[in-house]
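What follows is calculated from the coordinates using simple rules that are stated; it is not laboratory data. All values derive from a computational prediction rather than experimental measurement. So basically every Cβ, Gly included, is an ideal-geometry build from the backbone, and we count neighbours across all protein chains shown.
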Amino acid sequence: MPSLLIIALASVAACSPRSNRSEAPKAARPLPVRVHGATVRPVGDDRRGYGTRTARQTFERLKQLGVNTVSILMEGRMRRVDDPDVMPPSLDDLEAVRSALLDAHALGLATILVPHVYIEDGTWRGQIAFSDPHPADRWWRSYRSFMHQAATLAAESGTTLLSIGVELKAMSKEPATRPRIVKLVEDLRSTYSGLLTYSANWDEAEDVVFWDQVDLVGVNGYYPLRPDPFRGAGAVARRLSALAQRAQRPVLVVEVGYRSSPLSHERPWEWPVDVEPVVDDDAQAKAWAAVLTHWLDAEGVKGLCVWVVPTDPDDPASEPRHGFNPLNKPAAHVIARAFGGVAASAAR
């Protein structure tokens, strides 16, 4: 019998503005030998978000750029950092995520589903932690439910790789977290047979206590590149290779990106709204040239995913001009050369 999630999504699709949706695949695309990836995030307008014609055209542009893997975001929410409940996405949002995964698969792209927790009070998810066992137990039950929803979606959409968490820095180093992750992975593998990773923050990855429970070591690689982009990227490449050796798993940089703003290589984790709106496309291109030169061929590194491309990268409202999106900028040509693609369609 079809799962309840399929039935629910089908009922939503019947009245959804998204049309010409790709059919459910028979099998997942394999993860490429070398991942040339990009994270695609939805814009606020549902008419140009996941599952729309605009998003599919963006996938096609990325494929021409040399991208062979796309990462899709799925959002759970907490009201505040001490909230013991993770609120799941709406059915509309689930349908949009599902459509994006199917569309990418239909274009021959491998797919990564990244369910992450957004905290409405503005706190970073890396600070989630519970000293009292009762709210901790409640949070983990809620989180397992959220992740089961993601695993079901991943199984039904032929997703290549599923992240079991994102930047849970305050918990990932604690011995008490390990049995909870073991149980979570056991539950997920009963639903989803594809590859698993965990998306550790760049300053968290060496301390994670459960790398043996996943297939790939995932890193959100916003390392400061010091003393300059080229030498800094070389030092990080050696750090990533050492991490792969220690974990006995290949490393995938699930996210890495640089703003088109001065010195973005020194503090790449800063959001565009938190820095002066000064445009410096050359700084972004130089950071990407350094990283792609050193990281793609580093021993033990499986590849990386560019952060971030909006589903409508041509709309100025999608992101500030000094933001991360590399399309329509010199960085697109740098990425195309490294990925073996053509940047003309990505720089209109």
With an 8 Å Cα cut-off and a minimum separation of 6 or more residues, compute the relative contact order for the stretch 4-346 in percent. 20
Sequence order, the stretch 71-80: Karplus ³J(HN,Hα) from phi using 6.51 cos²θ - 1.76 cosθ + 1.60, θ = phi - 60°, Hz rounded, Gly and Pro as x, gives 9, 10, 9, 10, 10, x, 10, 10, 6, 8
How about Lys173: which lysines have a C-alpha closer than 22 Å to its C-alpha, ignoring those fewer than 8 places off in the same chain? Lys183
Report, ordered by chain and residue number, the lysines lying within cross-link reach of Lys286, taken as a straight Cα distance under 30 Å and ignoring same-chain residues fewer than 8 apart. Lys63, Lys169, Lys302, Lys329
Between Ser241 and Thr123, what is the label-point separation in nm under the 7 Å Cα-to-beta-carbon projection? 4.0
Length gained, Val182-Gln57, 0.36 nm per residue minus C-alpha separation, equals 41.1 nm
Taking the Cα centroid of the stretch 204-261 and of the stretch 91-144, what is the distance between the two, rounded to the nearest whole Å? 21
